[in-house]
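The values are calculated or read from the model by the stated rules, or taken from the named source; none is laboratory data. As the structure is a prediction and not an experimental result, all values here were calculated from the model. Don't worry about glycine lacking a Cβ; one is built from the backbone with ideal geometry, like all the others, and counts go over all protein chains shown.
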Amino acid sequence: MDKNKVVPDVLDKNPDKILKIKYNSVECSVGEVLKPSQVKNPPEVYWDAVENEFYTVCMTDPDAPSRKDPKYREWHHWLVVNIPSQDVKSGETLSEYIGAAPPKGTGLHRYVLLVFKQSGKIKCDEKKLKNTSGSGRGKFSIRNFAKKYNLGHPIAGTLFLAEWDDYVPKLQKQLSG
């Protein structure tokens with residue numbers, strides 16, 4: 001994650017452990033290049049979870065609309081809190097998953113996935129976002145969100161890279177619906 005400058009663009013320090021993610025049964029390595037068509041559905045995520053503890057999972061793109069001009073940094077693609085152990089589906093979804101959708105001609109974007117261990121359940125006042133609109137997702141900061149809810153540093157993280165492919169217009173249409 002150092003090579004891709006997640007610190008300082010997204011975090012103050014890198015997580016101690018690598019978050020394992022799988023898209024369609026294919027495990028993704030840190031910094032691997034994936035196509036938006038490969039990541040259209042939420043990944044399976046795996047970390048060293050403790051029974052009866054709660055976690056937050058986030059996926060964010062610090063390169064919106066491009067790495068050269070990140071004026072919407074960060075654009076968050078997924079945010080789930082109060083996840084019991086590793087059961088993401090039982091957590092409280094604040095932002096429904098939206099896959100990678102880098103605009104045409106903007107090069108590779110970094111998609112950073114992070115897990116934070118909560119000290120207990122948290123009550124969030126953020127508006128819940130559906131995956132049918134991009135509204136409310138830009139200019140997000142996982143650093144500030146973690147500070148607001150006393151999440152500390154992420155316990156695990158990873159990232160993949162993606163650039164435009166022919167799936168992106170379909171996703172853009174979904175977001176304008």
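Figures for the structure shown
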| item | result |
| --- | --- |
| Index of the failed condition, Gly105 passing every other in (1) touching a residue at least 40 places away in the same chain (Cβ under 8 Å); (2) surrounded by fewer than 15 Cβ atoms within 10 Å (Cβ to Cβ); (3) outside any loop (DSSP other than H, G, I, E, B); (4) not hydroxyl-bearing (Ser, Thr, Tyr) | (3) |
| The lone exception for Lys127 - which of (1) surrounded by 15 or more Cβ atoms within 10 Å (Cβ to Cβ); (2) out of contact with any helix residue (DSSP H, G or I) (no Cβ under 7 Å at 6 or more places or on another chain); (3) of a type outside the set (S, T, N, Q) it fails | (1) |
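Here's the yes/no breakdown for (1) more than 16 Å from Trp164 (Cβ to Cβ); (2) surrounded by 14 or more Cβ atoms within 10 Å (Cβ to Cβ); (3) modelled with pLDDT of 95 or more:
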site: Ala49; (1), (2), (3): yes, yes, yes
site: Arg67; (1), (2), (3): no, yes, no
site: His77; (1), (2), (3): no, yes, yes
site: Ile83; (1), (2), (3): yes, yes, yes
site: Tyr97; (1), (2), (3): yes, yes, yes
site: Ala100; (1), (2), (3): no, yes, yes
site: Ile122; (1), (2), (3): yes, yes, yes
site: Phe140; (1), (2), (3): yes, yes, yes
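For (1) more than 15 Å from the chain's Cα centre (by Cα); (2) without any contact (Cβ under 8 Å) to a residue 24 or more places away in the chain; (3) over 19 Å from Lys3 (Cα atoms), each residue gets a yes or a no:
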{"residue": "Gly31", "(1), (2), (3)": "no, no, no"}
{"residue": "Asn41", "(1), (2), (3)": "no, no, yes"}
{"residue": "Asn52", "(1), (2), (3)": "yes, no, yes"}
{"residue": "His77", "(1), (2), (3)": "no, no, yes"}
{"residue": "Asp87", "(1), (2), (3)": "yes, yes, yes"}
{"residue": "Ser95", "(1), (2), (3)": "no, no, yes"}
{"residue": "Phe116", "(1), (2), (3)": "no, no, yes"}
